[in-house]
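Student: This is the structure I have questions about; it appears just below.
The values are calculated or read from the model by the stated rules, or taken from the named source; none is laboratory data. Predicted model only: the values in this text are computed from it and were never measured. Methodologically, a virtual Cβ is constructed for each residue, glycine included, from the backbone with ideal geometry; neighbour enumeration extends over all protein chains shown.
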């Protein structure tokens, strides 16, 4: 666990794996181990309006209603498409109709980049940005206020694929492929960005059997019911799209950022220079890594190379038990 309670901004486009990341973070907040400064939603897995609504509902469901939710900055270039076929039209397995409406309105919400800029000015060197969506909001903040991303204590990305193939093209991972220029902007903003790529997150397959001890803690929990239904939906689409090699589970890519921040011993790291292909006809969105000795003097990232899968899931399950119990 971190020695000091971290101040966190979660930049997200809920999606199933984003939702499990947010629920894990809610548990840690309830345990008094983190402060959530804001949730900045982004266009990505689903539309900006829907990611905003989903995040607002999840915060209300978790009893964390005093946290501002930002609405996503529009993507200027035409993306290759969202991931609603994986996550459902609402990003949560078409389950949102059963949740209470959030307390925040999309029409009156502030743009996510404005929230990022204000918070980083207010708490220079204190905020950790966990970026688990396309990086449009961060790039927009950098464009409006050059150098602002250097005011973060740390920027942690679920991004890229190096030795492992991409998940939207043979070469590109979704968060990067959706807005490659934005990803490159973030990588150019500082020399210590933390990257959790598909190379390790493709090992993080969550099954319903693994979640059973969580559900059994409180059979009446509304959050528990949501998690069970969402698990089943995500498993069904993962099997259709062959994401898990036939294992009856689904990938919780984005939750890796929570694991890193609160349980850093789970991961091994490599210093590297990472760049994004922003122009290629066939390779747009590909992340390229240089780990040679000579390249390390100009390195811009720490890249996760190994993950202790058993410890990762033990930590996730125990924290989710706390969330269900409270």
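Student: Restricting to the stretch 217-243, name every residue that is crowded, with 18+ Cβ neighbours inside 10 Å, within 22 Å of residue 166 (Cα to Cα) and either in contact with a helix residue (DSSP H, G or I) (Cβ under 7 Å, 6 or more places away or on another chain) or modelled with pLDDT of 95 or more (or both).
Tutor: Within the stretch 217-243, 234, 235 meet the criteria.
Student: While we're on this one: Among the candidates 207, 257, single out the residue that is surrounded by fewer than 19 Cβ atoms within 10 Å (Cβ to Cβ), within 21 Å of residue 319 (Cα to Cα), in contact (Cβ under 8 Å) with a residue 24 or more places away in the chain and touching a strand residue (DSSP E or B) at 6+ places or on another chain (Cβ under 7 Å).
Tutor: The conditions single out 207.
Student: Residue check, residue 278 against (1) touching a strand residue (DSSP E or B) at 6+ places or on another chain (Cβ under 9 Å); (2) farther than 24 Å from residue 60 by Cβ; (3) surrounded by 15 or more Cβ atoms within 10 Å (Cβ to Cβ), all met but one. Which one?
Tutor: Checking residue 278 against (1) touching a strand residue (DSSP E or B) at 6+ places or on another chain (Cβ under 9 Å); (2) farther than 24 Å from residue 60 by Cβ; (3) surrounded by 15 or more Cβ atoms within 10 Å (Cβ to Cβ), the one that fails is (1).
Student: Which residues, taken from the stretch 18-72, are farther than 17 Å from residue 92 by Cβ and part of a helix (DSSP H, G or I)?
Tutor: Listed by number, the residues that qualify are 27, 28, 29, 30.
Student: Sticking with this structure for a sec: I'd like the residue in the stretch 6-17 that is buried (at least 24 other Cβ atoms within 10 Å of the Cβ) and assigned to a loop (DSSP other than H, G, I, E, B) and, out of all such residues, is modelled with the lowest pLDDT.
Tutor: Residue satisfying both the conditions and the ranking: 15.
Student: Please find, among 176, 252, 214, the residue that is under 26 Å from residue 57 (Cβ atoms), touching a strand residue (DSSP E or B) at 6+ places or on another chain (Cβ under 8 Å), crowded, with 20+ Cβ neighbours inside 10 Å and at pLDDT 95 or above.
Tutor: 252
Student: Name the residue, out of 143, 133, 139, that is within 26 Å of residue 269 (Cα to Cα) and not in a loop (DSSP other than H, G, I, E, B).
Tutor: Of the residues listed, the single one that is within 26 Å of residue 269 (Cα to Cα) and not in a loop (DSSP other than H, G, I, E, B) is 139.
Student: Take the residues in the stretch 99-130 that are part of a helix (DSSP H, G or I) and without any contact (Cβ under 8 Å) to a residue 24 or more places away in the chain, then tell me which one is nearest to residue 57 (Cα to Cα).
Tutor: 118
Student: Output the number of the condition that residue 49 fails; it satisfies all remaining conditions of (1) in contact with a strand residue (DSSP E or B) (Cβ under 9 Å, 6 or more places away or on another chain); (2) touching a residue at least 60 places away in the same chain (Cβ under 8 Å).
Tutor: Of the numbered conditions (1) in contact with a strand residue (DSSP E or B) (Cβ under 9 Å, 6 or more places away or on another chain); (2) touching a residue at least 60 places away in the same chain (Cβ under 8 Å), the odd one out for residue 49 is (2).
Student: For the stretch 80-88, does any single residue satisfy the condition of being modelled with pLDDT of 95 or more and either in contact with a strand residue (DSSP E or B) (Cβ under 6 Å, 6 or more places away or on another chain) or part of a loop (DSSP other than H, G, I, E, B) (or both)?
Tutor: No, every residue in the stretch 80-88 fails to be modelled with pLDDT of 95 or more and either in contact with a strand residue (DSSP E or B) (Cβ under 6 Å, 6 or more places away or on another chain) or part of a loop (DSSP other than H, G, I, E, B) (or both).
Student: Here is a list of conditions, (1) in contact (Cβ under 8 Å) with a residue 24 or more places away in the chain; (2) surrounded by fewer than 18 Cβ atoms within 10 Å (Cβ to Cβ), and residue 262 meets all of them except one; can you say which number that is?
Tutor: Result: residue 262 fails condition (2) only.
Student: For residue 71, state whether it is under 17 Å from the mean Cα position of the chain (by Cα) and closer than 24 Å to residue 267 by Cα.
Tutor: no
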